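Please read the structure below before turning to the comments.
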Amino acid sequence: MRKVLVAIAALALALGVGWLAFTHASVRAAPQNAGQPPAVPVTAGTAEAHDMPVFVRGIGAVQAFNTVTVKTRVEGQIVKLDFTEGQDVKAGDLLFEIDPRPFQAALDQASAAKQRDEAQLASANADLSRTSQLLGNGFQTRQTFDQQKAAVGQLQASIKADQAQIDAARLNLDYAMIRSPIDGRTGARLVDVGNIVHATDNAGLVTIAQLRPIFVSFTVPQQQIDAIRQSQAESAVEARALTQDDQKQLAAGKLTLIDNQVDQATGTLHMKAQFDNADAALWPGEFVNVRLVVSTEKNAVTVPTRALQQGPNGRYLFAIKPDNTVEMRTVEVSQTDQDVAVIKKGLSAGERIVVDGQFRLEQGTKVTVQTANGGGG
């Protein structure tokens, strides 16, 4: 029993000594670990050098290349529609049919009148020939000959008038078939089958807009006029149409118009750019952002736009130093192109930067680096 008690006492003593040693070690280690917070995981990229286009930016609206309001040239009842609303049509495609019977009747009447007058002319010419022979033999007077000659002339004039009536009737019959004057896309029809239409009606039958090619009408600040004109003097100026959030390019085309006067009320200049619009990405009336490529910046330093942060003193980013600590770096951005920003001052090509994970960073924070795509995009 005595030996058991001695063993228990020895075990308790050993446990006590071990606990004191562990507690002492923890107390000594705590101040050391408190001064070294864990590294923050971030996604990193590299500032790259690229040739980047220099833009002049504008805001504008898409405008149909041609817009036509189709109207009737003759009066009558619409008996048939030959298109569907929103349909693409070609020049010459049939759109509406007006009852052709009155125009066909007028054409038949004019044709019959011409045949009648031609028959009368043939008889009058025969009489004139006989009168001419009798006049030479002294059996007819000069007055009779002149009267017969005048009758022939009147019939010849009547035949010309008949032909004019035929041409007019044939033209009206053709106008009864209303066709598209241009290639384009139809809008909503403005009249239905059965309606009587007149050439004097103010309202049209349907509107057709030409979408290929298409215009974008926009304005730029007057301070950019010289840069644009200099670029245009060298070659055609490229124009790019983008969505209003600048996230997607819709089409690329060429600048076609620089207006001849600055709007004094806004200090802007009106311009137009033409786009092929083969995929109909641009639609009349749509608001878009426009970028004119006026030059190219060689070996520009570029970074992903998401690497940039906005502070009270302007834009900044976090550069990663060789010891994997970060440095808050104020930078000057010359322009952005979708997801790429061009750094004019404050960063060099080849430097590592933080692309994602900045919200936990401050000057000198140690980071654990993961690699992202390069800054050039």
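The values are calculated or read from the model by the stated rules, or taken from the named source; none is laboratory data. These figures come from a predicted structure and were not determined experimentally. Neighbour counts run over all protein chains shown; Cβ positions are idealised from the backbone, glycine included. Note: accessible area is taken over every heavy atom of the protein model, side chains too, but ligands, DNA and RNA are not part of it. Shrake-Rupley method; radii C 1.70, N 1.55, O 1.52, S 1.80 Å.
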Query raised in the report: What is the residue count in segment 305-348 for residues that are out of contact with any Gly (no Cβ under 6 Å at 6 or more places or on another chain), closer than 23 Å to Ala252 by Cα and not acidic (Asp, Glu)?
Result: 7
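Select, from Val197, Val220, Val191, the only residue that is buried (at least 16 other Cβ atoms within 10 Å of the Cβ), more than 35 Å from the chain's Cα centre (by Cα) and either among the aliphatic types (A, V, I, L, M) or under 30 Å from Ala106 (Cα atoms) (or both).
Val197
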Query - Residues (of a type outside the set (A, V, I, L, M) and open to solvent by 50 Å² or more (accessible area, probe 1.4 Å)) located in segment 104-126 - result: Gln104, Asp108, Gln109, Gln115, Arg116, Glu118, Gln120, Ser123, Asn125
Requested in this report: Run Lys254 past the list (1) modelled with pLDDT under 95; (2) of a type outside the set (Ser, Thr, Tyr); (3) open to solvent by 50 Å² or more (accessible area, probe 1.4 Å) and report the number of the one that doesn't hold.
Outcome: (1)
Requested in this report: Among the numbered conditions (1) acidic (Asp, Glu); (2) within 36 Å of the chain's Cα centre (by Cα); (3) more than 23 Å from Asp93 (Cα to Cα), tell me where Asp183 comes up short.
Outcome: (3)
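In segment 139-175, which residues are β-branched (Val, Ile, Thr) and touching a residue at least 12 places away in the same chain (Cβ under 8 Å)?
Hits for segment 139-175 are Thr144, Val152, Ile159, Ile166.
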Requested in this report: Among the numbered conditions (1) exposed (fewer than 14 other Cβ atoms within 10 Å of the Cβ); (2) more than 24 Å from Val42 (Cβ to Cβ); (3) of a type in the set (Asp, Glu), tell me where Asp246 comes up short.
Outcome: (1)
Query raised in the report: What single numbered condition from (1) open to solvent by less than 60 Å² (accessible area, probe 1.4 Å); (2) out of contact with any helix residue (DSSP H, G or I) (no Cβ under 6 Å at 6 or more places or on another chain); (3) without any contact (Cβ under 8 Å) to a residue 40 or more places away in the chain; (4) β-branched (Val, Ile, Thr) fails to hold for Ile178?
Result: (3)
